[in-house]
Each structure stands twice: as structure tokens, then as C-alpha cells.
Number of protein chains: 2
Amino acid sequence: MNIGVIGLGSVGLFVASQLSESHNVTGYCRRDRQRQSILKNGILVDQKPFHIDVELVENIKKHDLLIICVKQPHIDNLLPVLKEVSETTTFLFLQNGLGHIEKVSVELKNILVGTCDYGISKLEDHSISLKGAGLIRIASVADNNDIAIRTANQLSRDVINVEFASNLSQVLHEKLIVNSVINPLTALFEVKNGEILTNDYLKDIAHQLSHEAALAMKIDSNHAWSLVQKVASQTKENHSSMLKDIQQNKQTEIDYINGFILKQSQETLPSHSLIYQLIKAKENI
Amino acid sequence: MNIGVIGLGSVGLFVASQLSESHNVTGYCRRDRQRQSILKNGILVDQKPFHIDVELVENIKKHDLLIICVKQPHIDNLLPVLKEVSETTTFLFLQNGLGHIEKVSVELKNILVGTCDYGISKLEDHSISLKGAGLIRIASVADNNDIAIRTANQLSRDVINVEFASNLSQVLHEKLIVNSVINPLTALFEVKNGEILTNDYLKDIAHQLSHEAALAMKIDSNHAWSLVQKVASQTKENHSSMLKDIQQNKQTEIDYINGFILKQSQETLPSHSLIYQLIKAKENI
């Protein structure tokens, strides 16, 4: 397949490198410095090089499949570009939150969404390290199950594990709940994911957040909490994406994660409300 | 008057030094190293020396007035000692929170409580710096207004400003509300007091906390918020005591401030509940 990967952060670099062994892959980034760096060195995954084409986002070409790995705040700027590409392109969105899906569905056809739970550390512009095995689950937004199943089959390889998920909302909502608990707490205290389970007070707060999010997303609360604990435990040595954003003085995805949950909820969610404001405060300190 | 000052942190050093000009003052501390340091150098207030007697707390003697400046968590250990001192001693408690007063009232007679809003930085064991003028307000716990008025008059001097406050609960509750907002927020984000007013999100959270605390303490919410803003503005360059405790890996007074408000309240206070847990989490990170 002819695949474009937009956004060469940790997930984008990982996906682009792994798919380049069986597909024709072009990566798209915003900074020419990153482009040059990847063209020169390839993408290094734990030191193993993978060579792909790299272009700046403004030079986007037609592809059978476009995998969008930019962070939510950048999707707004990207939409006009994506609309121009092609009627026949399939779009796969791999983001942490859900805030963008409604807007994207109005503008584009053939949309798939996916979750990626690989633990990936970005070391340099062209270099990542993979921490343990993971899974990418993809699903269709409209009734495009056929496309989702076919795409999952085409993408899944030895190193990258891609599965079709029949229950879109369940998969996405579960991911959203996990992110809405682990991300802001680890960002607020600047700790690794595992701290959520080892610090008793943090664990209580995490439990509260998990319960409120499950309520809002209409998912069983015990199931949600066991998922949060499982992911926190599996990624205990990782720094969450929100913590990295805070440390790098970047805008976080809080609006697309906890902000989305707050907007969706019919109940008041006092813990999520305050955590949302605390992260906003921290972004501005 | 023969005055003992127990606890030689910033407030204790300030009070002991200022009163030593007109009274016979003995300071009490826990560490012999601090005792030696003060005996050798005197108490330096912005480099000006004041010489007082210093003893270890276990060697406490009888005094007309004992001013207790230790932090709330240490009062439990101190109570048996205080009970032994004298039936005729007047006790003046100068703490940030209120959690100890009920317990103290059962065990001791002649109790006064006070608030100290001087901004004082402790530089060394025997050295402090005073940031601007302030006020100590004292009031009686039982119906000892006479003692409170007399004590205020005896203590007030050129440099130290001591006033009798007829409305005990108002004074203490106002102080408590201000501390319950400024202390945990500055400790959580490790920022100076003024950040509460300059960071818009932090200001919103501060407003919420102020409103909930006013509700719990049955004080007008607008009045409480204007007080919080006034103190945050007057002490904008200061680090709160809770922030200092966090930075020095000490136990904070959260149980005696926000914990007390939560216990007293007949309403649920979602913001104070979460902030309380967040500080507890931070103490344990």
C-alpha cells in the first residue's frame, strides 16, 4: 500500500518505521530540520534504522491510506489540507482523546480511528525506543467495518500488531478514561505512570477520577478502574504524553481528554473539573 | 512580664526578639544546635541582634505568659508538658489552622488564640528577615476577654503590633480561609503567593476554594474572596509555610487547615476534598 504518516512524534515514527518494511511509506512533518534528520539517518528504532521518504506537511501527496499521528490541537490546521488530498483516501486517526472526531467526521469520508497503547520514548527527532509489546486497535467511525477490517489486516506485521475492534465507542472510551486519569495526575506531580498505584493518596484520587469518567462515558466503573490499574502497571516506568508536554512547555491535550469528558457528561464531575483547571493552571505557570 | 516562647521558627523568633526589649523572654526549642546558635549570636532580625535566654522544650519553666509558636502537628506532644507548667500561666496559641483548639481547651485553662500576618522569612536557626509591617490579633477562647485585652496591651510595642480582637471566630475563620486557599495552591505548584492572582486558572480555582471555605465557615463569600486577594497581593513575593514544608520534605499543616474545614462543614466541599488529597499525595512523593 501507499501510506502517508502525518506527524512524526513517537507514535508517528513508530508506525512509519514498522510499516516501511512492507509498504511504500512517506512521513510528513512540520520542521525541515526533522525532515533532514530522518532523511540522513533513517528512523532509528532502538538503534535499528528504517529508511522512509519524508516531506513537509504542506507538500502532502495522494495516498491510499493517511495515518494522522499529530496531537489533537494541530488537527484543526490540518483539516483543509486533508480535504484536498483525495476522495479515495482512507484516513486513520491515532490520537489520545476524542474531541476531534465529531469535527473530522463532518469534513472527511472514509475515517477510521484507532488507539495505540505501545509505550514509545522519543529520543531524538529520528530516534525512538520501544518499551515492550503493545497493540493498535482500529475501528470505523461510520459503517465502514469492511475498510477497518481490511486496513487492520494490511497493516498488521511481525513487529506491529494491528487489530480490528468491532466496538468503536467501547475501545475509544476505555482509552479516554485511562488517559483522563493517568495523564493529568502524572503531569501535575511530574511522576512516572506507576506512581499512581504506589502512592496511596494518588491512588485514591485516580480511583475517583476513574469512577467519574466511567459515569460520564457510561462504562462499568469497576471495569474502568481495573483498566486504569492495568495500564498504569504495564507502563509504570513511562512518562505520560501530558507530563512530557508540561516538561517541554507545550500545550497539553487536556481539552481533548478531560475537557471532552466534561463536555459529554450529563452529571457534574467535580474531580475532573478541578483537575482540568489545575492542568490549565500548570500550563500557564 | 516573664514570657516563654515555645517553638523558634520564623514566628517564634520574631515574637521572642521583639518582646525581649520590654520583657524577660525565654525561648524554647527542640534542637540543642539551634539553642547554641541563638545563645551565641542572639536572634538576628534583619541583622539587628536581640539576646534572649534559650532552653530546650523539656526544661520548660513557669512563666506568666507562654506563647506557643510550634506547628499544629507538634501540639499533641507538647500538651502534657504545658499541663504541668502552672495553673496561673496564660497560654497564647499562634498557629495557622484551628484543628488543635478544641483539644487544647479541654486540657488547659486561660487560653488565648491569635493570628499573625507578618511576612517573616527564616534565614538561619537564629536569623530572620521581616517583609513589611503586619499585625498580631489575639482573642480569648472562653470568656477571658479581660485577659486577652490586658495581654494585647502588654505585648504591643513599637515594632510588634498586637491587637485585641473581640470576634474570635471571625478573626480565626478569616485567617483559616485565607490559609486554606493560598497555602495548598502555592504548595502544589511551588509558586509564590502572588501567582494565585496572576495566573487566571489558578485565580479561578482560588475563588472556588474561597467560596467553599466561606460556605463551611459561615462567612460572606465576597468578603472572604476579597480577603484572600488582599493577603495574596500583600505577600505576593512570599513562599507560604506549606510550600516551605513541601520543599523541606516536612509534614504540612493540611490536616489543621483544609482538613479542619472539611470536618466542620455540613456541606460537601468537592474542591477542598480534592486539594486535601492532592497535598497528601504530594507529601508522599
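Observations, loosely collected:
- Using the alpha-carbon positions of chain A, Rg (one decimal) and Dmax (whole number) come out as 18.2, 52 Å.
- Gyration tensor (alpha-carbon) shape descriptor, segment A:22-173, a/c threshold 1.5: oblate
- With a 10 Å cut-off around each Cβ of A:194-201, the average count of Cβ atoms from other chains is 3.
- Check: segment A:5-85 dipole with +1 on Lys, Arg Cβ and -1 on Asp, Glu Cβ, in debye: 200 debye
- Shielding by other protein chains, B:262-275, mean Cβ within 10 Å: 2
- 10 Å Cβ neighbours from other chains, averaged over peptide A:278-284: 6
- For segment A:169-283, the dipole from Cβ point charges (+1 on Lys and Arg, -1 on Asp and Glu) about the Cα centre works out to 180 debye, to the nearest 20.
- Nearest-20 debye value, chain A charge dipole, Cβ charges on Lys, Arg, Asp, Glu: 400 debye
- Each copy carries a label point for A:Asn145 at 7 Å from Cα toward Cβ; from one copy, the others' points are 8.0 nm away, ordered from shortest.
- Relative packing of peptides B:192-201, A:63-72 - highest average C-beta neighbours within 10 Å first: A:63-72, B:192-201
- Between copies, A:Asn249 shows label-point distances of 3.0 nm, shortest first, with the point placed 7 angstrom from Cα along Cα to C-beta.
- Shape summary: the protein assembly as shown maps onto an equivalent ellipsoid whose semi-axes, from the alpha-carbon gyration tensor, are 60, 23, 19 Å in decreasing order.
- Going from the residue with the fewest nearby Cβ atoms within 10 Å to the one with the most, A:Tyr276, B:Tyr28 rank A:Tyr276, B:Tyr28.
- Mean residue ellipticity at 222 nm, helices only, chain A: -14500 deg cm²/dmol; runs of at least 4 DSSP H residues each add -39,500 (n - 2.57), and the sum is divided by the number of residues.
- Cβ-Cβ FRET estimate between A:His74 and B:Glu190, R0 fixed at 30 Å, reported to 0.05: 0.50
- Tensor-based shape of segment B:103-226 (alpha-carbon gyration tensor, a/c under 1.5 rounded, otherwise prolate or oblate): oblate
- Charge dipole (segment B:2-166, unit charges on Cβ, about Cα centre) - positive-most of B:Ile60, B:Asn41, B:Ser166: B:Asn41
- Only Cα pairs under 8 Å and 6+ residues apart enter the sum, and on that basis the relative contact order of chain A stands at 15 percent.
- Rounded tilt (10° steps) of B:168-189 against the dominant C-alpha axis of chain B: 70 degrees
- Relative contact order of segment B:30-72, taken over Cα pairs closer than 8 Å and 6 or more residues apart, is 32 percent.
- Axis-nearest residue in chain A [Cβ, rotation onto B], distance in whole Å: A:Pro270, 2
- Cα gyration tensor shape of segment A:192-273, rounded if a/c is under 1.5, else prolate or oblate by comparing a/b with b/c: oblate
- Relative contact order for segment B:244-285, counting Cα pairs under 8 Å that sit 6 or more residues apart, in percent: 48 percent
- Across the identical copies, the 7 Å label point of A:Glu58, projected outward along Cα→Cβ, sits 7.6 nm from its counterparts, in ascending order.
Read-outs: derived from the displayed coordinates by stated rules, not from any lab. Source: prediction; values computed, not measured. We place every Cβ from the backbone using ideal geometry, glycine too, and count neighbours over all the protein chains shown.
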